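Data first, discussion second: the structure below is written as structure tokens.
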Amino acid sequence: MTIIDMLKTNAVLYGDDIAINYVSDDDIESKVTWIEFENYANRTANALIANGIKRGDKVSVLMNNSTHMK
């Protein structure tokens with residue numbers, strides 16, 4: 001089972017349950033459900049594909065710790 005399979009399975013089984021509960025340095029709490037998490041992952045994957053990234057390409061990610069993935 002791949003990480004993609006696990007994410008899809010969890011989105012189906014646990015949908016509106018909290019997948020990520022994050023508290024920022026300024027004590028602002030953010031929560032992301034399994035469905036939202038899967039949607040973020042799919043949007044990110046589709047953006048990479050739209051920019052020419054293919055299976056096997058190496059991609060580096062640099063971002064702050066946050067649930068704000070827009």
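The values are calculated or read from the model by the stated rules, or taken from the named source; none is laboratory data. If you're wondering where the values come from, they're calculated on a predicted model, not measured in any experiment. Backbone-built Cβ (ideal geometry, glycine too); neighbour counts: all protein chains shown. Note: areas computed on protein heavy atoms with side chains; ligands, DNA, RNA excluded. Shrake-Rupley method; radii C 1.70, N 1.55, O 1.52, S 1.80 Å.
Points to keep in mind about this one:
- For the range 1-18, the tally of residues that are surrounded by 10 or more Cβ atoms within 10 Å (Cβ to Cβ) and at pLDDT below 95 stands at 1.
- Taking the conditions (1) touching a strand residue (DSSP E or B) at 6+ places or on another chain (Cβ under 6 Å); (2) in a helix (DSSP H, G or I) in turn, GLU38 satisfies each one other than (1).
- When the range 1-20 is filtered for residues that are among the acidic types (Asp, Glu) and touching a strand residue (DSSP E or B) at 6+ places or on another chain (Cβ under 7 Å), the ones remaining, listed by number, are ASP16, ASP17.
- Residue within the range 41-51 that is part of a helix (DSSP H, G or I), closer than 15 Å to ASN10 by Cβ and touching a residue at least 12 places away in the same chain (Cβ under 8 Å) present: yes
- Looking only at the range 1-18, and only at residues there that are among the hydrophobic types (A, V, I, L, M, F, W, C) and in contact with a helix residue (DSSP H, G or I) (Cβ under 7 Å, 6 or more places away or on another chain), the one that is nearest to ASN65 (Cα to Cα): LEU7
- Contact map, the range 2-22: residues that are touching a residue at least 12 places away in the same chain (Cβ under 8 Å) and of a type in the set (S, T, N, Q) paired with residues that are open to solvent by less than 60 Å² (accessible area, probe 1.4 Å) and not in a helix (DSSP H, G or I), Cβ distance under 9 Å, separation 6+ or inter-chain. Pairs shown: ASN10/ALA19.
- Flag if VAL23 is aliphatic (A, V, I, L, M) and touching a strand residue (DSSP E or B) at 6+ places or on another chain (Cβ under 8 Å): yes
- Note on the range 19-35: among residues that are in a strand (DSSP E or B) and touching a helix residue (DSSP H, G or I) at 6+ places or on another chain (Cβ under 7 Å), the one that is least open to solvent (accessible area, probe 1.4 Å) is ALA19.
- ASN64 being open to solvent by 50 Å² or more (accessible area, probe 1.4 Å), assigned to a strand (DSSP E or B) and without any contact (Cβ under 8 Å) to a residue 12 or more places away in the chain: no
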